[in-house]
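Some notes on the structure that comes next.
The values are calculated or read from the model by the stated rules, or taken from the named source; none is laboratory data. If you're wondering where the values come from, they're calculated on a predicted model, not measured in any experiment. Note that each Cβ is placed from the backbone with ideal geometry, even for glycine, and that neighbours are counted across all protein chains shown.
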Amino acid sequence: MPDWGAHLRTMRAEVPLVLNITNFVAMNVMANVLLAAGASPAMAHAEEEIAEITALSGVLTINFGTADAGWVRGMLAAVETARDRGVPWVLDPVAVGVSRLRQDLAARLIAMGPAAIRGNASEILTLSGQGATGKGADSADPVAGAEDAARELARNTGAVVAVTGPVDFVTDGARGWRVANGHALMPRVTALGCSLTGLVGALLAGAEDRARATVAALAFFGLAGERAGAIAAGPGSFQVALLDALAAITPAELTAGARVSEA
Amino acid sequence: MPDWGAHLRTMRAEVPLVLNITNFVAMNVMANVLLAAGASPAMAHAEEEIAEITALSGVLTINFGTADAGWVRGMLAAVETARDRGVPWVLDPVAVGVSRLRQDLAARLIAMGPAAIRGNASEILTLSGQGATGKGADSADPVAGAEDAARELARNTGAVVAVTGPVDFVTDGARGWRVANGHALMPRVTALGCSLTGLVGALLAGAEDRARATVAALAFFGLAGERAGAIAAGPGSFQVALLDALAAITPAELTAGARVSEA
Amino acid sequence: MPDWGAHLRTMRAEVPLVLNITNFVAMNVMANVLLAAGASPAMAHAEEEIAEITALSGVLTINFGTADAGWVRGMLAAVETARDRGVPWVLDPVAVGVSRLRQDLAARLIAMGPAAIRGNASEILTLSGQGATGKGADSADPVAGAEDAARELARNTGAVVAVTGPVDFVTDGARGWRVANGHALMPRVTALGCSLTGLVGALLAGAEDRARATVAALAFFGLAGERAGAIAAGPGSFQVALLDALAAITPAELTAGARVSEA
């Protein structure tokens with residue numbers, strides 16, 4: 001049994017500073033997810049200060065969910081600093097299909113060398129130039145239909161690519177894994193996908209094998225969802241219980257509870 | 001007994017994409033309210049992309065709670081697209097009395113033909129050019145004192161007007177309803193009025209009778225509040241239970257629990 | 001036994017309008033903390049309207065957590081209005097050490113006469129020009145090591161200075177208090193420090209003795225944390241129970257539960 005919990009143990013020992021330039025909807029819950037899990041979140045975006053803060057950070061995540069021109073400048077400045085300093089960064093191409101702004105920005109960011117890309121099937125298909133049917137932040141395409149696109153995107157970019165949904169798929173272009181952890185209430189709470197991107201960053205920050213760290217992050221989040229779903233009465237109590245579970249799950253429990261298969 | 005639940009049933013079957021340009025305080029809870037209820041929320045605002053996203057949406061809501069000049073441009077671009085495409089839109093004139101910016105913007109938006117306007121008594125009185133005593137987002141005026149102003153505003157604009165408070169009032173200028181559902185803890189949680197505006201949008205999106213759909217939205221939200229209030233220990237647990245209740249209430253339960261009278 | 005609860009009683013009777021220019025992460029939870037406690041929160045920032053809203057407010061708080069150039073203009077306009085109108089204002093120098101923007105802005109704001117400054121030990125040490133080791137919004141320095149810096153900052157500025165951590169320290173330069181209330185889960189929920197700044201503003205708004213009002217606010221928040229911690233299963237349920245406790249605690253309970261000593 002692979003020791004997926006080892007990635008969680010390392011993260012909790014190192015407490016990486018995870019800098020997130022993310023959308024307004026996700027900021028609070030993403031920070032709480034990272035704090036509950038054991039990381040140190042920071043949220044900032046201003047062009048005037050983002051390079052300084054990026055230089056202090058262990059990892060950077062970028063999500064353009066509610067971006068405008070000023071935020072795009074901050075994102076590009078942050079990624080440039082990350083690249084110069086060797087800070088890994090993770091791209092969340094949320095609802096990339098809905099506007100030209102997002103498609104152009106995604107193309108520009110992908111060319112700047114993300115360590116990982118996490119999206120739903122519709123988003124990954126859109127990034128790959130393939131037709132997608134998703135609207136907004138919800139996916140209308142099945143994960144299985146995006147596996148080939150994910151492998152190709154990983155090979156073309158050098159990034160780990162994670163496609164999340166009922167069963168997640170992770171690939172570095174050569175290897176592949178499916179992660180079956182999760183719960184049906186997760187899509188009924190806003191910004192959980194965005195928050196998961198932060199968790200991918202946290203576990204990937206100090207990892208030698210970034211693809212396996214990404215798998216561990218997805219299994220951890222899904223396992224927390226399973227625990228929350230077992231006691232929740234609906235999406236409100238689910239979100240509360242999810243944060244409690246992220247703080248409570250031990251590395252050994254993650255190793256025991258991860259439902260991962262090679263693909 | 002009117003079948004108020006039918007509006008909820010239709011909404012859950014159609015899962016409208018509800019695009020909200022709203023304030024920073026409300027974004028997360030509003031998205032969660034819409035997801036819990038069964039709609040598909042989207043939050044965006046940038047002038048660069050808002051027209052594209054509006055064109056994909058089933059309904060648009062506008063709340064200028066934390067707007068500045070850039071956001072105002074995005075709002076106007078969205079409403080223009082909505083008008084061109086026949087996408088109905090709902091105005092939430094939050095705390096309209098506190099600044100010249102808001103009063104001017106509200107006047108400009110009202111002239112652009114909202115399908116509905118939802119505010120508290122102080123906000124509706126201010127829109128009608130009548131004296132109001134409210135400060136900030138809280139109302140200092142009783143709903144009953146704003147009924148005439150609401151009817152006049154509805155007749156002058158063609159919009160459905162909803163005045164919310166302990167007992168809500170809804171009118172299309174000709175007809176009127178009072179909705180008695182609700183709970184005393186609702187004003188103790190921030191952004192619930194803003195979130196309700198999203199729910200009005202969701203139920204109104206595909207409705208033939210927008211005034212009745214608005215009544216159904218208010219009764220649904222108030223009924224969820226009653227359920228939450230019955231088990232909550234305070235405003236924190238109330239917010240959690242409210243989301244659970246929005247997901248749990250069935251159309252039949254809404255029809256049975258709606259406390260609506262014609263006015 | 002000093003009657004710390006009297007400050008809470010006064011605040012609940014007066015229901016001050018607390019205007020907050022704060023960061024995106026904190027807005028929702030800060031508004032909910034203030035509503036639960038019994039104050040009336042407002043969030044706004046736009047240069048175009050902030051002077052008008054400040055003039056309506058009982059107290060103003062400033063937190064530059066996610067500020068950019070436009071927000072800085074709004075902050076300065078608000079503080080100028082507050083100064084002209086005699087509205088007290090509170091500074092939260094969040095993560096002031098991470099960027100030149102924050103350090104310059106903090107210096108400028110401190111020169112404009114805040115009624116109170118609330119920060120963690122690293123932030124207060126940075127403001128005092130002394131070396132600090134904190135990263136992001138988390139403090140890496142003990143409160144006890146910042147007491148001298150706090151006293152000096154209070155004497156130099158005329159502000160009440162509060163250093164928060166496991167045991168808080170409050171001083172007006174002459175007097176000093178330590179507040180031992182609190183719970184270990186508080187740093188595991190985002191934006192609670194920011195929210196506490198709002199509570200300091202609410203209790204300080206109508207107070208004759210602003211230093212004692214600040215002590216009361218810290219004891220109140222910490223006592224609510226103790227109650228929440230006694231029933232919480234983790235950081236998610238802790239945040240919910242904290243809001244419930246803020247609404248439930250009576251002035252008499254605060255007086256009985258405050259763990260304050262003179263320093």
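What do you reckon, is C:ALA228 surrounded by 24 or more Cβ atoms within 10 Å (Cβ to Cβ) and within 16 Å of the chain's Cα centre (by Cα)? Criteria not met by C:ALA228.
Can you say whether B:ASN63 is at pLDDT 95 or above and facing another protein chain (nearest Cβ under 8 Å), as far as the supplied structure shows? The answer is no for B:ASN63. Of all the numbered requirements in (1) at pLDDT 95 or above; (2) within 30 Å of B:SER57 (Cβ to Cβ); (3) buried (at least 17 other Cβ atoms within 10 Å of the Cβ), A:GLU147 misses one, and that requirement is (2).
For the range B:78-125, a residue qualifies if it is closer than 21 Å to B:THR171 by Cα and more than 17 Å from the chain's Cα centre (by Cα), and the qualifying residues are B:ALA107, B:ALA111, B:MET112. Tell me the residue from C:ILE124, C:ILE50, C:ILE117 that is under 28 Å from A:ALA69 (Cβ atoms) and surrounded by 24 or more Cβ atoms within 10 Å (Cβ to Cβ), please. Result of the check over C:ILE124, C:ILE50, C:ILE117: C:ILE50. Among the residues of the range B:248-263, those that are small (Gly, Ala, Ser), at pLDDT 95 or above and either surrounded by fewer than 21 Cβ atoms within 10 Å (Cβ to Cβ) or in contact with a Lys or Arg (Cβ under 6 Å, 6 or more places away or on another chain) (or both) comprise B:ALA248, B:ALA252, B:ALA256, B:GLY257, B:SER261.
Looking across A:THR214, A:THR171, A:THR157, one residue alone is within 11 Å of the chain's Cα centre (by Cα) and under 18 Å from A:ASP92 (Cα atoms). It is A:THR214. In summary, C:VAL33 fulfils each of the numbered conditions (1) surrounded by 19 or more Cβ atoms within 10 Å (Cβ to Cβ); (2) within 7 Å of another protein chain (Cβ to nearest Cβ) with the single exception of condition (2). Counting only helices (runs of 4 or more DSSP H) that sit wholly inside the range C:159-263, those with at least 1 residues that are within 14 Å of chain A (Cβ to nearest Cβ) and touching a strand residue (DSSP E or B) at 6+ places or on another chain (Cβ under 9 Å) are C:192-204. Criterion applied to B:SER128, B:SER99, B:SER57 was being under 25 Å from B:ARG212 (Cβ atoms) and either facing another protein chain (nearest Cβ under 10 Å) or of a type in the set (Phe, Trp, Tyr) (or both), and the one residue passing it is B:SER57. So if I check each of B:LEU8, B:LEU105, which one is out of contact with any strand residue (DSSP E or B) (no Cβ under 6 Å at 6 or more places or on another chain), within 14 Å of chain C (Cβ to nearest Cβ) and either aliphatic (A, V, I, L, M) or closer than 20 Å to B:GLY222 by Cβ (or both)? Result: B:LEU105 is the single residue among B:LEU8, B:LEU105 that is out of contact with any strand residue (DSSP E or B) (no Cβ under 6 Å at 6 or more places or on another chain), within 14 Å of chain C (Cβ to nearest Cβ) and either aliphatic (A, V, I, L, M) or closer than 20 Å to B:GLY222 by Cβ (or both).
Restricting the range B:127-144 to residues that are under 17 Å from the mean Cα position of the chain (by Cα) and in a helix (DSSP H, G or I) leaves a set whose member that is modelled with the lowest pLDDT is B:VAL143.
On inspection, A:GLY74 fails the criterion of being farther than 22 Å from A:ASP141 by Cβ and at pLDDT below 95. Every condition in (1) closer than 21 Å to A:GLY234 by Cβ; (2) free of Cβ contacts under 8 Å to residues at least 24 places away in the same chain; (3) of a type outside the set (Ser, Thr, Tyr) is met by B:GLY38 except one, and the failing one is (2).
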